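Each remark here refers to the structure printed beneath this line.
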Amino acid sequence: MPSTPPSDATPFLPEHGDLESLRHAAESCRGCDLWERATQTVFGDGPPSARIVLVGEQPGDQEDKEGQPFVGPAGRLLDRALEDAGIDRDTAYLTNAVKHFRWKATGGWRRIHEKPNRRQVRACRPWLDSELAAIDPAVVVALGATAAQSLMGPGIRVTRDRGVPLPWDPIKFVVVTIHPSSILRAKDQDREQAYDGLVADLRVAAGMVG
Ligand code: URA
Ligand code: SF4
């Protein structure tokens, strides 16, 4: 009989929920099947005192190799958008809805990003919840649909719900926006407007932390 893959990170959570304990424990998470083909866990990065937490989807190819979130092309674009929105990256905490890189091979050596499925997102959610509980930020920015749905449930729609503070318990507010990768994928003539939209949404979050 085929066995169902595990789908809950909870058994791997540490007893003490400070960020360093969480990060250490997440290194050996086997809460879903994604650890098997990834290089390492990519946990969040930033100070425990952060007032803004930004949540992406999952690490990409470069993040998987380096073990840090948002260090590849999407991260560079995000850095620029944060700066344009008046948010100092070093004072924000960056993480992902899913902590291992999901990819598929497409002939040759290239690993192509594959969206995590709902079960994997749900499995990984305890890590995100624990990070948010440890940091207790004033606002969480969900970058793209995967992060938005992990936090707000399947009813959230990025295009409809973006750029406004949505009340959320236990953290005060979530601001939903597009994922920086979608700007990299946009057609040339759409890219500038998409970028400006991201910056505008990030400014909303920036305004909430003074
Ligand atoms: N995309 C994400 O969602 N997260 C990363 O860390 C990198 C790219
Ligand atoms: Fe654990 Fe999340 Fe990695 Fe799955 S993706 S093994 S739940 S850390």
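The values are calculated or read from the model by the stated rules, or taken from the named source; none is laboratory data. Computed from a predicted model, the values in this text were never measured in an experiment. Counting neighbours? That spans all protein chains shown, and the Cβs are built from the backbone with ideal geometry, glycine included. In case anyone asks, the SASA skips ligands and DNA or RNA and just uses the protein heavy atoms, side chains included. Shrake-Rupley method; radii C 1.70, N 1.55, O 1.52, S 1.80 Å.
Cβ separations smaller than 8 Å between residues 6+ apart or across chains give the following pairs from segment 69-83 residues that are of a type outside the set (K, R) to residues that are part of a loop (DSSP other than H, G, I, E, B) and more than 8 Å from ligand 1 (Cβ to nearest atom): P69/F43; P69/G44; L82/D88; L82/A92.
Go through the residues of segment 95-110 one by one and say whether even a single one is among the aliphatic types (A, V, I, L, M), within 17 Å of G144 (Cα to Cα), open to solvent by less than 70 Å² (accessible area, probe 1.4 Å) and in contact with a strand residue (DSSP E or B) (Cβ under 7 Å, 6 or more places away or on another chain). Looking through segment 95-110, at least one residue is among the aliphatic types (A, V, I, L, M), within 17 Å of G144 (Cα to Cα), open to solvent by less than 70 Å² (accessible area, probe 1.4 Å) and in contact with a strand residue (DSSP E or B) (Cβ under 7 Å, 6 or more places away or on another chain).
Of the helices (runs of 4 or more DSSP H) that lie entirely inside segment 147-210, those containing 1 or more residues that are open to solvent by 40 Å² or more (accessible area, probe 1.4 Å) and in contact with a helix residue (DSSP H, G or I) (Cβ under 8 Å, 6 or more places away or on another chain) span 180-185, 188-208. Number of residues in segment 172-192 that are out of contact with any Ser or Thr (no Cβ under 9 Å at 6 or more places or on another chain), under 26 Å from D136 (Cβ atoms) and touching a residue at least 40 places away in the same chain (Cβ under 8 Å) equals 1. Report yes if D196 is without any contact (Cβ under 8 Å) to a residue 40 or more places away in the chain and either more than 16 Å from ligand 1 (Cβ to nearest atom) or under 27 Å from Q62 (Cα atoms) (or both), otherwise no. Here the answer is yes, as D196 does meet what is asked. Residue count for segment 51-63 satisfying the condition of being away from ligand 2 (no atom under 16 Å from the Cβ) and either among the charged types (D, E, K, R) or surrounded by fewer than 22 Cβ atoms within 10 Å (Cβ to Cβ) (or both): 2. Filter segment 3-43 down to the residues that are assigned to a loop (DSSP other than H, G, I, E, B), free of Cβ contacts under 8 Å to residues at least 24 places away in the same chain and open to solvent by 50 Å² or more (accessible area, probe 1.4 Å), then identify the one that is nearest to ligand 1 (Cβ to nearest atom). Of everything passing the filter in segment 3-43, E27 is nearest to ligand 1 (Cβ to nearest atom).
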